[in-house]
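The values are calculated or read from the model by the stated rules, or taken from the named source; none is laboratory data. None of the values given here were measured: they were computed from a predicted structure. For neighbour counting, all protein chains shown are included, and Cβ atoms are generated from backbone atoms with ideal geometry for every residue, glycine included. Quick note on the areas: whole protein, heavy atoms, side chains included, nothing else; ligands and nucleic acids left out. Shrake-Rupley method; radii C 1.70, N 1.55, O 1.52, S 1.80 Å.
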Amino acid sequence: MSRTVYVNGEFVAEENAKISVFDRGFLFADSVYEVSSVLDGQLIDNEGHLKRLHRSLTELGMRAPASDADIVSAQVELLKRNNLQEGAIYLQATRGTAERDFAIPKDSTPGLVMFTQEKNLRNPPQVKNGISVVSVPDIRWKRRDIKTTGLLAQSMAKQSAADAGADDAWMVEEGYVTEGSSNNAFIVDASGKIITRHLGNEILPGITRSAVLALVKSDNIALEERPFTVAEAKVAQEAFITSATTFVWPVTSIDGTSIGDGKPGPIATRLREVYLQTALGRSA
Ligand code: PDD
């Protein structure tokens, strides 16, 4: 059975889900996206994702393709039509179609596509085993705070990790970790303090990052938002990543060096549990 996909107001079978070759998302990566997770058929932290969608659109001077209310009702309908209980819903807003020209067209009609993906989010093996990461140079553009579909550098980073037999890559710029290929990066130092890069143009302001940091603050765990090095990560007590499709995953090695005792740490494990409880509570 093929999936049902949303394309510009229509629900169609995936083999009929098509957009124009002149779409600026295709030609220039002139498009932005969001990924919201789904647990028990409920959208998780979707409000935050829509808020960030608007921020990305505003930064690029792009009109919204639909109102939030229309986007949410299309998301809910798509979940229903695909009977999705656990996984993710991908949403992409593009500038729309126009004759190929570098200058941004003023009058194009923005497009919107969405599709679902089934995923084991609750109990994937990475939660029990942790993941290995390798460090790679961060070769991306300088507006990583905008969630555009210009993802080739991240795709290459992830492939470098796979080639090295690792699960993911942490990108490094001027000696400091920026973030993971598709997630935010955290370490826990010897004193138990959580360190993660501060927000700015260098990283994506992760919705899961922000929810997890709210829990860290309410738990009175020490926190410092600043850049950290791979050398600091290697001697950290724990490390972990956050994203919509991982929630919190422990990182157990970096560049072949075990972190802590090489097992998922208690802080990452607890933050994952509390995040899941509170996020499910928010979605209900
Ligand atoms: N990626 N940093 C980058 C570069 C990302 O691509 C992502 C998310 C994050 C985490 O953001 P959030 O917590 O809002 O998911 C950080 C999504 C999951 C993706 O591209 O599939």
Among the residues of region 148-170, is there at least one that is in the same structural domain as residue 261 (by TED's automatic domain parsing), among the polar types (S, T, N, Q) and closer than 16 Å to residue 248 by Cβ?
no
Only residues that are assigned to a loop (DSSP other than H, G, I, E, B), of a type outside the set (Lys, Arg) and buried (at least 16 other Cβ atoms within 10 Å of the Cβ): list them for region 137-163, please.
138, 145, 146, 149, 150, 151
Qualifying residues in region 224-238 (those that are open to solvent by 30 Å² or more (accessible area, probe 1.4 Å) and among the charged types (D, E, K, R)) - the one nearest to residue 43 (Cα to Cα):
225
Considering only residues that are under 13 Å from residue 232 (Cα atoms), buried (at least 21 other Cβ atoms within 10 Å of the Cβ) and hydrophobic (A, V, I, L, M, F, W, C), look in region 179-204 and name the one that is nearest to the ligand (Cβ to nearest atom).
185
Would you point out the residue of region 125-136, among those that are in contact (Cβ under 8 Å) with a residue 60 or more places away in the chain and not in a strand (DSSP E or B), that is surrounded by the fewest Cβ atoms within 10 Å (Cβ to Cβ)?
128
Inside region 209-221, can you point out the residues that are touching a strand residue (DSSP E or B) at 6+ places or on another chain (Cβ under 7 Å) and part of a loop (DSSP other than H, G, I, E, B)?
221
What number of residues in region 24-42 are buried (at least 20 other Cβ atoms within 10 Å of the Cβ), over 30 Å from residue 101 (Cα atoms) and more than 11 Å from the ligand (Cβ to nearest atom)?
1
Residue satisfying condition, being more than 16 Å from the ligand (Cβ to nearest atom), under 17 Å from residue 273 (Cα atoms) and surrounded by 14 or more Cβ atoms within 10 Å (Cβ to Cβ), within set 207, 221:
221
Take the conditions more than 22 Å from residue 208 (Cα to Cα), β-branched (Val, Ile, Thr) and touching a residue at least 60 places away in the same chain (Cβ under 8 Å) and apply them to residue 44. Does it pass?
no
Of 145, 167, which residue is among the acidic types (Asp, Glu), under 30 Å from residue 274 (Cα atoms) and more than 11 Å from the ligand (Cβ to nearest atom)?
167
Within region 224-249, residues outside any loop (DSSP other than H, G, I, E, B) and away from the ligand (no atom under 14 Å from the Cβ) come out as 224, 225, 230, 231, 232, 233, 234, 238, 239
Is it the case, given these coordinates, that residue 52 is farther than 28 Å from residue 106 by Cα and touching a residue at least 60 places away in the same chain (Cβ under 8 Å)?
no
Quick one: how many residues across region 105-124 are part of a loop (DSSP other than H, G, I, E, B), in contact with an Asp or Glu (Cβ under 9 Å, 6 or more places away or on another chain) and surrounded by fewer than 18 Cβ atoms within 10 Å (Cβ to Cβ)?
4
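Does residue 252 count as within 16 Å of the ligand (Cβ to nearest atom), open to solvent by less than 20 Å² (accessible area, probe 1.4 Å) and either in a loop (DSSP other than H, G, I, E, B) or among the polar types (S, T, N, Q) (or both)?
no
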Looking at region 89-104, is at least one residue under 30 Å from residue 240 (Cα atoms) and open to solvent by 30 Å² or more (accessible area, probe 1.4 Å)?
yes
I'm told residue 172 meets every condition in (1) outside any strand (DSSP E or B); (2) within 16 Å of the ligand (Cβ to nearest atom); (3) open to solvent by 20 Å² or more (accessible area, probe 1.4 Å) except one. Can you identify the failing condition by its number?
(1)
